[in-house]
Structure formats: structure tokens, C-alpha cells
1. Order these peptides, 91-101, 325-335, 382-392, by their mean beta-carbon neighbour count within 10 angstrom, highest first.
2. Apply the a/c threshold of 1.5 to the C-alpha gyration tensor of the stretch 454-532 and tell me whether it is rounded, prolate or oblate.
3. When only DSSP loop residues count, what chymotrypsin sites (Phe, Trp or Tyr not before Pro) in the stretch 487-553 have their Cβ near at most 12 other Cβ atoms within 10 Å?
4. Net charge near G456, counting Lys/Arg +1 and Asp/Glu -1 over other residues with Cβ under 13 Å of its Cβ?
5. Quick one: of the DSSP bridges fully inside the stretch 210-264, what percent are antiparallel, nearest 5?
6. Give the Rg (one decimal place) followed by the Dmax (whole number) of the stretch 705-791, computed from C-alpha coordinates and expressed in Å.
7. With 10 angstrom as the radius, rank L284, L589 by how many other C-beta atoms surround their C-beta, starting from the fewest.
8. If we sort 766-776, 549-559 on the protection proxy, mean other Cβ atoms within 10 Å, highest first, what's the order?
Amino acid sequence: TIALHWNEMQMKMLQVIVRVEIKTVRMIFENKYFSYSKTKYFIANDEKHYSANACLLPICSLYGAAVTTVEGVGSTKTRVHPVQERLAKCHGSQCGFCTPGMVMSIYTLLRNYPEPTSEQMMAALAGNLCRCTGYRPILDACKTFCKESACCQRKANGKCCLDQEDDLFDKEEKVSTRLFSTDEFQPLDPTQELIFPPELMRMAENQPKRTLFFHGERMTWISPVSLDELLDLKAAHPKAPLVVGNTSVGPEMKFRGVFHPIVIAPARIPDLNVVKRMDDGLTLGAACSLSLVKDILTNAISEYPEEKTKVFCAVLQQLRTLGGEQIRNVASLGGNIISRKSTSDLNPILAASNCMLNLASRGGKRQIPLSDVFADGVGNNIITPEEILVSVYIPHSRKGDYVSAFRQAPRRENALPITNAGMRVLFEEGTDLIKDLSIFYGGAVSTTICAKQTCGTLIGRHWNEQMLDEACRLILKEIALPGSPSGEKVDYKKILVVSFFYRFFLEVLQSLRTMDPCRYPGIPMEYRSVLQDFKTKIPQSIQIYQAKPSQSPQDPVGRPIMHQSGIKHATGEAVYIDDLPSVDGELFLAVVTSSRAHAKIVSIDTSEALKGPGVFDIITAHDVPATNEFYYSDGPEIIFVICVGQIVCAVVADSDIHAKQAAAKVKIEYEVLEPVILTIEEAIKHNSFFEPKRKLEHGNVDQAFETVDNIIEGEIHIGGQEHFYMETQSVLAVPIGEDKEMDVYVSTQHPAIIQEMVAASLGVPANRIMCHVKRVGGAFGGKLLKAGLLASVAAVAANKTSRAVRLILSRGDDMLITGGRHPFIGKYKVSATRIQGKSTCPYSVNKSFSYNQFNFKTKLLARKPRDSVTVQPFICFCLYLCRGFFLCFVGFFFPSPFVSFSFYSSFCLSFWEWEAKLAQTSAEVYFKMSIWYVHTKEQLVFTEPVSYRKSYPVEEINLFPAHALSSVITIH
């Protein structure tokens, strides 16, 4: 028996293994149609291992399953598992907060495949995030388990191109030390792993299935065992959601405050787990996980002829990048369809492929095409609330069928698509005349949509360029995208909508030419790259440590030393703030933040919140015994302040859930003030700037622009940056008992400031506040002053209640309250005049930003290319700090060097492109730049830097066209 306690506030990347006894899952095998062997998919009396996200997996869904957490894999008290050992010794741990998740993903893969391939290892880790270690050492640890060599063997002698030889270092002076030695690793022995609990095996074999009821404080979880019982429950509770993987309902309840008093879990019903093979296609149960669907389609593709598997290949292509392994292991096929989300990668291709839905209700059963569900947009009610999706029929492709799926997202994996599409065309036999055409798009509007009119118009047309031009025009006309204030996203989506069809056109044209090269034209060479898929390559990299031969063995400098807490990170024994044991009488804190940008708070009604279960008190600014603001710069840092994203009050309760529920009931009445400035563009429009404005000018630039031959202008937009540490802001304040003494356990980079701020807020000497920092789960500059403000909030609550108070921010509250690094807008205007003679000049930029100082310099360095330009000293550079009603916070008191240099590199690259157009003459060049960035410190002015902080100079760099960006990103 394993007792589990998961705190949803703890965003630790902890994942669990769910080992399901396969005999509890009923699969329907029909001898007449089904040719899969049982041993191919499922082995009788065997077990299957799944990795899953603990923050999404309902504990009620684990009935009959064995759960293994990172603590169960191995520990320093018993035996460290090879996965944990290698991850630590290969330096795959830094802050350690993500390490347990890495361990569980690798462990799951090794339980299913003791000798995995590199591709399987990459796929297993695709759902894990790491912010500080970097993935190279983690992958190095993983490669030690892979059966094939990770070496590229590209050298003539058969050695790796990254081998530590040749000119990497001077052999006479330095000695290369490898990061780790594989001889020190204990071998992986599958026979020593945990077995499936015999009690669960006996329960699955002997006990009859029965409906499960789990009653909570506010909701009830019901898990039926038959389809008839499910239909009765759905008729009695039509608004109750059906939950299998909880990947849709879970985030809605957690992040959007959606509440369901009754939840129905149909995963144990055999009819919803059916896998049936027929002459013309496959029928898959609605509760089948996406991982199971992926495996079934992969095996079907290997057994069927190619012309029958085009639909399967297109669906499989989308499944490979849909979420991560942990999501696909629990998410269901039916849930993906019924949710009707526009971001679904499967709905467009399933609808275009003429898939059928098998529905059931108390009134009977029926079958409908999936395309009908999306025929009329969001308002389509073809599926009634009482109906249940039982299974999905996926047909074989036919001769003359061509099917493709497309997807464009910010990242290839673990990212919602910007736009996706599914397309199918059927030709008249032996011709290129369109007999049937289906085009579906997702991500464009609020649900999947069909280009029905376009498809109807193109039927009977030849598959040629004239058809392509007509199709693009019709698609843009039919697929109406909602507008946005800036319009950039809409324009980009329009480009994607047309580009997807263009690629589909080329794919089909290439296939037609392959069948009949004489009849159909080939694709020009310059267009063939469109058809090439981006392949994920195994990263090849190396890190070299160098030590002198005469160095003492006790001297660690230049040697790769394992992290002192590396093993504890990998075993889950490393203690972070939220891992600290509960203190007797401990209370939990939930903050209430302002939801208006520029407004006056008229009233705060806490009456309903105080009536909530377990609520102890409400903490406001009036409860702060002493200081409510701190001046560590020119502007104040305030504990409770009235502006967007900052804390208005806080609720203290006996549990984290009760505190959150009560915080949601606090009612704040606002009086909206004008103007509301939320963007840099709005600040420029309203002339809202901090004074004085800095301007660096040499010569009369405006006059020079009137007498030039060529002018180029540009604009650079750089968004703000979130620190995105894995461990959110965390505080535990424990009163000692006399003279307001207090122990504060906090995740921070600056314990001294935390001590001073807490002491100042309580009005006591700093020596009465003991600040404890054992380790931090990532920070990156985001846990300096803001950590002190939150620690002060918790300390004020602990002081008022005389009880220990724990404050662990959720990811959403953390990003809302702490802010991030500034967004930028940069505009430049450059001109040149032809002059006689030739001279040479590179572009070198040397600049620095600090919290109170701005400094910009340009220098001319000589070089001798054949064609160049001469920069004359006509320069105008302006910096504007925009005043707005939004929250920003710069961790180290100055804008990111990478952000700042991105602007200059973009300018220089544009300038070099323009320079190449000059015809072997030099030029007299003038340029003018302006940069806007936001800051919310109202007292912030450009003065001389304060005594304890100097400006941060950045080394000069030569921005050559070929490698300007690579030079920029190496600056620190």
C-alpha cells in the first residue's frame, strides 16, 4: 500500500509510473478479421509501464494500478538505481528540481525497453523541461543505456569528430579530463526491478468488477464498469464531464476555476477500449490512449500495403508531436475529438479522412461522420449531451487517395499549434481529375473548420497550377480569421493556411509524377526542399575539462566534480521549501491580486471569503506592523500595492485548497481610470515617458537625411522575458515565540535582503530574523527583491496569527506577481551618399545598460574588404523609458544583454544587406536609432550609478555579415 500526497501548488517536475495489469483491460479480437498476435501488443500476465504527469493524474483513476515515484526507484538509504547514479555522475543535475522527472521518464523507458534506441530515449524525454543544467549532460547519461553507439565515427580512423584530440588544446601544457567514466557505473539488471504487487494481480483475477464511488468535500468521482451503466449516469447527469486522461478537464478546473460536482470516469468500460480490425479499416475505442493508438497504427502500417495506409501515416505523423510521452500515455482518442478544441492536431486529419464516430445513448446507437461535427462551426449540436462516443472508425485509404497532415507551432513538440490542417484528395482512376476533396483547418478560429465551398468548386478540375491559384484565392476568402489589434498573427495564419495547401499540392504532384513521369510535370529543383521533413537529430557535443599534469589529486580546479547533492537530486531526497515537513498548526496563504491596470479600489468585500471552510483570517496592508515599502533603488518596493498583478490582500486557511477557494471569493470593486497603458505602443501614443529622456547626438542628422541617395528604415520588436524557474516563489515563516523572532525558510538568491525586508516589515532588529536557504530550484535573477516581498507577506501573516504560514505560489500567480524582463521596440533609419574614393570600415558596437545609467558608444575599426562603406559621425541615438500600468522586474537591475544586442545585430545585418547593393563605391552614412523599453519604477531617473553598483560593460564585437548573430550570443 502506497500513501500518496500531491500538492498541486508544487510545480516540481515529478512524474509517476503507472503499471497496469493488462488482464484488467479487455481487448476484442475477432479471428475473422484480426490478424495481430496477442504477443505483439499485449502479453498475458505481463505488465505495462507508463510515465505520467502527477499534476494532471487524478488519484481516483489509479484504482488497480501500482504507482512508483522517484523515491521508490532508489534511495541513498537502500540502493541507488543505475538511472539515478548515471544522471548524477554525468552531471545531469544542477538545481535538481527537474531531476526526479528526468529519472522517472528514463526509468519508464528502461522498464519497457531495457536497451532502447536513441530515438526512443529522445521521445521519452520530450515531455521534460530543464532550465539550468542544459540537456547535453542529461542526454549523455541517457546514451549510456542505448544499445547502439552514439559516436558518429566521421573521422577517417573511425573515431568520433568530437574526440578529444588534435587542436582542441595544447597537449604539452594541458591534459583533458573526461566528464565521467563509464567503468564506475553499476550495470542495469532488469531482474532486480520492482515486481507488480501480487495483491493487485489477485484482485484483477478474482474480484468481480464493481462501480467505484469516491466522495470528496465538494465533488464525487464515479467510475462505472459497463456501457449501460455509463449511459444511465450520463442521462442523469448530462453536464458531468467524462474524464479519462484529465488533460482537458484538469487544466480547466485548475487554471480557469471551472467546477464539476460530479465527474464520470469511463476508462474501465470494455466497450470503450475496443480494438477491432476490419476489411476496410480499424475501429478504436474512445478510451484508448494516444500512445496505444500510435502503437496500433505503427504496426498496421508495417503489415498493410502502402495504398491502404495513407490515412494511418498522416494520423501517426500528428501523433508523434502531439504533447509529450507523458501526455500521450493518458490522453484518450475520444477526449481529443469531443473537446472540439481548435488546437487539436487530430481532428482536422480525422475529419478529412472520412472517419466515423460510433455514438450511444439510452435511445440507441448511431454512426455519424466526424466531418459533420465541424460542418457548421462551434454551434453545431449534432452530438447531444446524453450521447457517448464509444469508438472511432478510421478507414483505409483507397487507390487514387492522397492524404496529408500539417502543423506549425512555436516548437515542434510540447507546444499548441498556431495552425494545423488535414487534407485529402481522390482522383478519377488513371487521371488527375479531382473526384473528391476535403480540407480542414484547426487553430484558425475557435474550432476545426472545413473549406467546404472551396472543395465543392474544385471538384472536376485538373491538378495543375491553375487549380492551385484558384484554390488559394478561394481558401483565403472562405477561411475568415478573426482580427487582432496588431494584425501580425492574422497575417501569419493566412500565410500558413495557403502554405499548407501549397505543400499538399506539391506532395500530390510529386506522387503523380512518380507513378507516371511522362504524363505529369516534375517539381523544379528549387521547390523540392518544401517536401523535406525536419528530422530530429541526436545532439552531438562535447565539454572538455583541462587540468595540469602536475596538479594534485586533491585539487578540484579543472576537474569535473559531481554535484555534491547530485545523488539526492536524482533520488528525490533533496529537500526544497515545499518538501519541508508540516509544522504543528501550520496555515497556508493564498494571495489576491489586482485585476485592473489603472484603477482606484473602491471597496474590498471579504465577507464571503471569511465564511469559507477552514479560513482563519484575511491579511491586508493594515496588518503590517511597520514598513510597507522598501527603497533598494530609486523606486519603492511595496508589500501590498494597488496595481495589476500585485497583492491586494491574502487569505490564511488550514489548507492550500481552502485558502485558494476563499481567495477566489474576495470581491474587489474598482473605479477605472484613464488612460490604460498596457503596451509600449500605447505609451508612445500617449507620450507617457519617464524623464529625462536620454539622447546621444553628433552632427545634424535630420539635415543630412535631406541630401542622401539611399535610405533604409526598420523596426525591431522584442517581447518581455519571464524568468521561468522550475520552483516557484516559496516561503515558510515560523514564529519562534518571543520578541517577534522568526525563522524564515525561503527560496532566494539573496538571504541578507530577505532578512532586512522581513525585519523592517515586522519592525524588529534584523538579528531576530533567521533566514534559511538550503537550495533553490532555479532563479536566474528572479528571486531577489520579489522573494523578499513575498517573505514579508508570509511573515506578517505568521506574526498576526502566531502560527507557521506556508506560501507556495502557483505558476500563474508567480508569473503575474513577479513580472519579468522588459519588452523593447527599436526603430532605425540609415542613409548613405555616394562619394569618391574607397575606404574600409566594420561596425563595432560597445554599449552598456544599468539600472540608473545608459551609455552607448560606436567605434570604427579598420579592415580591408574589397567593397565597403565609410561611416561618418552623424549619429543620433535616443532612449525612452515608457511609463505604463503593467508589471516588470529586472532581476539584476539592467536589461538583458542578449535582448539589447539582438537589436543591434538586426540593425547591422540589415545594413550589411543594403551595403552589398552599393556598386564598388564608398558611401557617407548617417543613421538614427530610437529604443523604447518599459519600466514601472515611478521614481526612476537616469542619474549617476549608485555606489554599490556600476554599469556593466560588454566587450566589443565585430559584426561581420556571416557570423554576426553567433558573435552576439556569446556575449555575457
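Just so you know, all these numbers are worked out from the coordinates, no wet-lab data involved. All of these numbers come straight from a predicted model, not from anything done at the bench. Positions of Cβ are backbone-derived with ideal geometry, glycine not excepted, and every protein chain shown enters the neighbour counts.
1. Put in order of decreasing packing, that is 91-101, 325-335, 382-392.
2. oblate
3. F534
4. 0
5. Bridges in the stretch 210-264 that DSSP calls antiparallel: roughly 50 percent.
6. Expressed in Å, the Cα Rg and Dmax of the stretch 705-791 come to 21.7, 78.
7. So the ranking, lowest neighbour count to highest, is L284, L589.
8. 766-776, 549-559
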